[in-house]
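Notes to accompany the following structure.
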Amino acid sequence: MVTLGTSSTLCSFIGVMLPQQINFGYRGKQEVKHARCGGFQIKANVKTPNKDDNSLRVTTSSTLDDFVFRQNFTIKSYEVGANEKASIETLMNYFQDSAINHFKTFGIHRGGFGSTEEMIKRNLIWVFTHMRIETYRYPVCDEVVQVEAWMSVAGKNAVRWNWLLRDSKTYQVLSKASSGCVMMNKLTRKLSKIPEEARREFESYFVNSSRMIPEDDIKNIPKLNVITADYICTDLKPRWNDLDINLHVSNVKYIGWVLESVPESILTNHELCGMSLEYKRECGRDSKLHSLTAICGANNNNVEFYHLLQLEDRGVEILRGRTKWRPKPIRNWGLLKLLLQLQNQRHYLFHTS
């Protein structure tokens, strides 16, 4: 279980032609106006927004209680990896940032990572129980993407966040994700039921939607050990900057630890296309962990792995996971072959001169 993280990435306002009476997201206790625009009802601040406004809340006219938040992000140079594409951690940060901003547009955000007034009164925070992501294409540096976020009911004491990542120009879906969230008392560190007073603050914003991604595979992830694991990475330690405001490790950091035990040949020749994570418990500053990976299966050059993060001293589970990998797209094998030949020639000349 881990708390929601944030991203410092700013977003750009999504251009939409609106009637004169507009409203671009409810904040605080400002008065709100309503307007119709085609098949949508759009809500926003009474003030005229600037082009850098970071929120847009849209509902269809037939289901006015269904709220979908949209936010634009520009991929920054420090958010891409060696393959010149946005990292999976970057996408996770976008998803979490949009979830927090979604709460802000409701006018019920009072601090922390999506904490409402009733949650703060009771020392409650949000924590993840699981996360499921499918990625079809990773955006590249300077590309503008759009995140759609909405919240659904997931039982009496849990909520489900849903996300779609789109190309802002073509609206092609690049990735989709969903997660389960519950409440935890930040003083006792124990899970809590959702108080009725807190539920009333946000239940009217639930979207009645089915699961975008089946979650059956999360329940079927086996527990690994040093015997069943094919790869093990030891002595993993949180840094101070890995902690969030609740003084435990951000869930995005877990992904990096999972990938530490993935074979380098996979990281070099494949890209992550699917990930299922089941969070078992929080991880503190003084924890030391092992990352275990086992081959789950392979088919047509696609590979699947099981994963486990556990405490080094007691073997207590922190996370179980499953990842799916596909071959990286071939960009220009002719150019790559030429570069390798030049590199080998340079190496030969250096050692024979």
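We did not get these values from a lab; they are worked out from the coordinates using the rules stated. Fair warning: this is a prediction, and the values are worked out from it, not measured in the lab. A quick note on method: Cβ atoms are made from the backbone with ideal geometry, for glycine too, and the neighbour counts reach across all protein chains shown.
Some notes on this structure:
- Set Lys104/Lys237; Lys186/Lys324; Lys176/Lys237; Lys76/Lys328; Lys85/Lys186; Lys85/Lys288 screened for pairs whose C-alpha atoms are more than 25 Å apart: Lys104/Lys237; Lys186/Lys324; Lys176/Lys237; Lys85/Lys186; Lys85/Lys288
- Cα point-scatterer Debye curve for the range 87-164, base-10 log of I(q)/I(0) at q = 0.13, 0.19, 0.27 Å⁻¹: -0.47, -0.92, -1.49
- For the pair Asn208 and Glu117, a Förster radius of 35 Å applied to the C-beta separation gives a FRET efficiency near 0.90, rounded to the nearest 0.05.
- Over the range 178-259, equivalent-ellipsoid semi-axes from the Cα gyration tensor in Å: 30, 21, 13
- Residues Val144, Val226, Val249, Val68, arranged from fewest to most other Cβ atoms within 10 angstrom of their Cβ, appear as Val226, Val144, Val68, Val249.
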